[in-house]
1. For Gln183 and Ala126 in one chain, what is 0.36 nm times their gap in residues minus the Cα-Cα distance, to one decimal in nm?
2. What is the gain in length, in nm to one decimal, between Ala194 and Thr67 on full extension, counting 0.36 nm per residue of separation less the C-alpha to C-alpha distance?
3. In nm, to one decimal, how far is the modelled label at Ala21 from the one at Gln37, with both set 7 Å along Cα→Cβ?
4. By its C-alpha gyration tensor, with a ≥ b ≥ c as the square roots of the eigenvalues, how is segment 76-233 shaped: rounded for a/c under 1.5, else prolate for a/b larger than b/c, else oblate?
5. So how much slack lies between Leu52 and Thr28, counting 0.36 nm per residue of separation and subtracting their Cα-Cα distance, in nm?
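What follows is calculated from the coordinates using simple rules that are stated; it is not laboratory data. The shown structure was predicted, so the numbers you read here are calculated from the model rather than taken from an experiment. Here Cβ is always computed from backbone atoms with ideal geometry, including for glycine, and neighbour counts include all displayed protein chains.
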Amino acid sequence: MTRAASACRGGTLQLVQEPLADTRWVQTVLARTAAHQLLTRTLTLATGAVTLGPAVRGQRLQFDGQTLTSVWGPRWRLLLIGAGQLSQAVAAIAPALDFEVLVCDPREAYALPPGSPPGPPMQPVAGMPDDAVRAVQADAHTAIVALTHDPKLDDMALLEALGSQAFYVGALGSQRNQAARKQRLAAHFGLNDAQLARLHGPVGLALRARTPAEIAIAIWAEIILVKNTQLEQAPAEPEPVCAAAACAVAARPVVRGCT
């Protein structure tokens, strides 16, 4: 195990060079992040030993000269309720933002027949919208947006989403429709003011968007705004290492990390 330091503009960059003699920890990291868990990986420089442990949002990279502890976590993801034209426009932007996109739409008109040409990268989630929200186990790395414009479907998703840990919950519809929706969710399903206050609607920033592509940009703009605002409010949290991408380097002889 070796260390190196080099001067850089405004500070010092420290590099840790780690020979990957034992990669058994990789499968554990992949399994735990696939279950959307945050975890830490602690490297002891003197021995090369690797220890994995639980992490919490707000935990940051730490290096004391003897051990290097990094925070690893799952990809950000977006669950779309509805597979129509607008959802496809939203999904098309997702790869550039490194979001995984899941979609639930029980309507037969939007079912993809076998042999259909590939479209935007969307992973289907079977079942009704409320079942889909429960199935994905929405956490603090999950956004949920209801885009069917059908209250029977959108409300089913929102009932579950507004009680989940999802960092963003939004729904398509005018201000009048949103007010009616909140009244309906409170009167008939018992959602409280705190839960209803989490609902972003009309969904997206007010960009005067008109086309599906423009509305998709507005939706992503608000999702990113909420995501980054929450990260800034957390105590010095860096972006967690994405396990699926970072573990790919295990096949290489050397990994470099920095503080």
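1. Working: separation 57, 0.36 × 57 = 20.52 nm, distance 2.87 nm.
Once the chain is fully extended between Gln183 and Ala126, it gains 17.6 nm.
2. Gain on extension, Ala194 to Thr67, equals 41.5 nm.
3. Roughly 2.7 nm, to one decimal.
4. Because its axes are fairly even, with a/c under 1.5, segment 76-233 counts as rounded.
5. My answer for the length gained is 7.8 nm.
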